[in-house]
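Single-structure report; data block below.
The values are calculated or read from the model by the stated rules, or taken from the named source; none is laboratory data. Predicted, not measured: the structure shown is a model, and the values here were computed from it. In this analysis, Cβ positions are derived from the backbone assuming ideal geometry, glycine residues included, and neighbour counts consider all displayed protein chains. Side chains included, ligands, DNA and RNA excluded: accessible areas come from the protein's heavy atoms. Shrake-Rupley method; radii C 1.70, N 1.55, O 1.52, S 1.80 Å.
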Amino acid sequence: MYADTETIRKILTQSGDTWAVVGLSNNRSRAAYGVAAVLQRYGKRVVPVHPKAEPVHGEQGYASLADIPFPVDVVDVFVNSEVAGAVADEAKAIGAKAVWFQLGVIDEEAYDRTRAAGLDMVMDRCPAIEIPLLD
């Protein structure tokens, strides 16, 4: 199990409110766009991370996690499983407290590596589904 209730609650309520959303662009048909909007409604600052580095939902975008000039609490990953592990490693490198792999994003080695590094992690779940359940 890669998403226990305690870890989900901790990430959503205690890990901090600055979320870098990797894969977030202005493409409204992509899941990242809608999930980011839900996170904002729940008080999270959503920082788009996408090669286009375009602003999304009123927040400046960045081409990579390393380009973000302020601390990030949680890295929410909307990329293919094949590259998600590298994103988790970058999250650790920038000092994030937690990593969240979206539905369908699965890399068991990255999960183990990230947890071993002391970060909280959830895999194959969606915060936009989980956060309303906390109410």
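Karplus-based coupling profile of region 66-74, in residue order and whole Hz: 5, 7, 6, x, 9, x, 10, 8, 10, with θ = phi - 60° in 6.51 cos²θ - 1.76 cosθ + 1.60 and x standing for Gly or Pro. Accessible area per residue was computed with a 1.4 Å probe on protein heavy atoms; LYS97 scores about 100 Å².
The charge dipole of region 19-59, taken about the Cα centre with unit charges on the Cβ atoms of Lys, Arg (+1) and Asp, Glu (-1), comes to about 100 debye, rounded to the nearest 20. Per residue, region 1-114 exposes an accessible area of 49 Å² to a 1.4 Å probe, with every protein chain left in place. For the chain, with equal point scatterers placed on the C-alpha atoms only and solvent neglected, what are the log10 I(q)/I(0) values from the Debye formula at q = 0.15, 0.16, 0.19 1/Å, to two decimals? Ignoring solvent entirely, the Cα scatterers give -0.61, -0.70, -1.04.
Taking amide H positions as modeled 1.01 Å from N, with prolines and chain starts lacking one, the residues under 5 Å from ASP124 and 5 or more places away or on another chain are PHE101, GLN102, GLY104, VAL105. Counting only residues at least eight positions apart within a chain, or on another chain, the lysines with an alpha carbon under 18 Å from that of LYS44 are LYS10, LYS97. Of the solvent-accessible surface of the chain, computed with a 1.4 Å probe over protein heavy atoms with every protein chain present, carbon and sulfur atoms account for 49 percent. Among VAL105, VAL83, VAL75, the residue with the largest mean-square fluctuation in a Gaussian network model of the chain, with springs joining Cα atoms closer than 10 Å, is VAL83.
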